[in-house]
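J.: There's a structure below that I have some questions on.
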Amino acid sequence: MTNLNAIPKETKDWSFVADEGCSECGYSPHFGQETGSRLRHTATAWRELLSHPQASQRPVAHVWSPLEYAAHVRDMCRLACERVRLMLAESVPTFSNWDQDEQAEINDYLNSDRLALSADLESHLELAARVFDQVPSSSWERAGLRGDGKEFTVQSFSCFVLHEVEHHLQDASEGLRKVL
Ligand SMILES: [Zn+2]
């Protein structure tokens, strides 16, 4: 049976934002050293968003609710910690595959507990911020490979991660505005 509420799979490769920025949300490539403070800076806005009971509602059937975006961002922060540690510890490691749509299903983002997720997201933003804060200044060009062979450096990966968090904060804010 077709699930009419299924979210279309993400097919766009957003790694270009590390070079080009994003015209949709206004992100420009930043220095990796600023990642920690910018991740922390989003925490208040996420908490505010998730304080609304309506944050669990999808604005339309096939678009993630603010709650689902928040769960995705939490898992992205977890992934960021793993991948940065790996790039610092190993010589050009290959990352294991990570399918965001599969994660959304497995971890049942849609039915997350809103207030528990809010606290969880805040601690994961802080953990990721610390990992980026602790990157030695000589290590930003250390590299890793995604399963499809795409090469990231710690610097370009920091752009990818921060963009995800900031872009989805806008997505989630827009979604909430539509249901309030
Ligand atoms: Zn963007």
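J.: Suppose the chain between SER37 and VAL179 were pulled fully straight at 0.36 nm per residue; how much longer would it get relative to their current alpha carbon spacing?
T.: Full-extension gain reported as 48.1 nm.
J.: Return an integer: the convex hull volume of the alpha-carbon atoms of the stretch 28-179, in Å³ per residue. Could the numbers behind the result be given before it?
T.: On the way: hull volume 16.1 nm³, N = 152.
Per-residue hull volume (Cα only) is 106 Å³.
J.: On to the next question. Is the stretch 1-113 best put as rounded, prolate or oblate by its Cα gyration tensor, with a ≥ b ≥ c the root eigenvalues, rounded for a/c under 1.5, and otherwise prolate when a/b is larger than b/c, oblate when not?
T.: In terms of gyration-tensor shape, prolate.
J.: Pulled fully out, how much extra length does the chain show between GLU20 and ARG78, if you take 0.36 nm times their separation in residues and subtract their Cα-Cα distance? Provide the component values of the computation, followed by the final result.
T.: Details: separation 58, 0.36 × 58 = 20.88 nm, distance 2.47 nm.
This chain segment gains 18.4 nm when fully extended.
J.: Cα axis of helix 35-50 to longest principal axis of the chain: angle in degrees, 0 to 90, nearest 10?
T.: Helix 35-50 sits at roughly 10 degrees to that axis.
J.: Here's a follow-up. Under 5 Å between amide hydrogens, which residues at least 5 positions from TYR27 or on another chain qualify, with H placed 1.01 Å from N in the peptide plane?
T.: Hits under the 5 Å cutoff: CYS22.
J.: Compare the Cα positions of PRO136, VAL63, SER156 along the charge dipole of the stretch 28-179 (+1 at Cβ of Lys, Arg; -1 at Cβ of Asp, Glu; about the Cα centre) and return the one farthest towards the positive end.
T.: PRO136
J.: Let me ask you something else. Summing -39500 (n - 2.57) over the DSSP H runs of n ≥ 4 in the chain and dividing by its residue number, what mean residue ellipticity at 222 nm do you reach, to the nearest 500 deg cm²/dmol?
T.: Per the formula, -18000 deg cm²/dmol.
J.: Run the reach check for LYS178 against lysines, Cα to Cα strictly under 24 Å, same-chain hits fewer than 8 apart removed. What comes back?
T.: List returned: LYS9.
Read-outs throughout are calculated quantities, based only on the coordinates presented, and are distinct from any laboratory measurement. As the structure is a computational prediction, the values presented were derived from the model and not from experiment. No Cβ is skipped: glycine too gets one built from the backbone with ideal geometry, and neighbour counts run over all protein chains shown.
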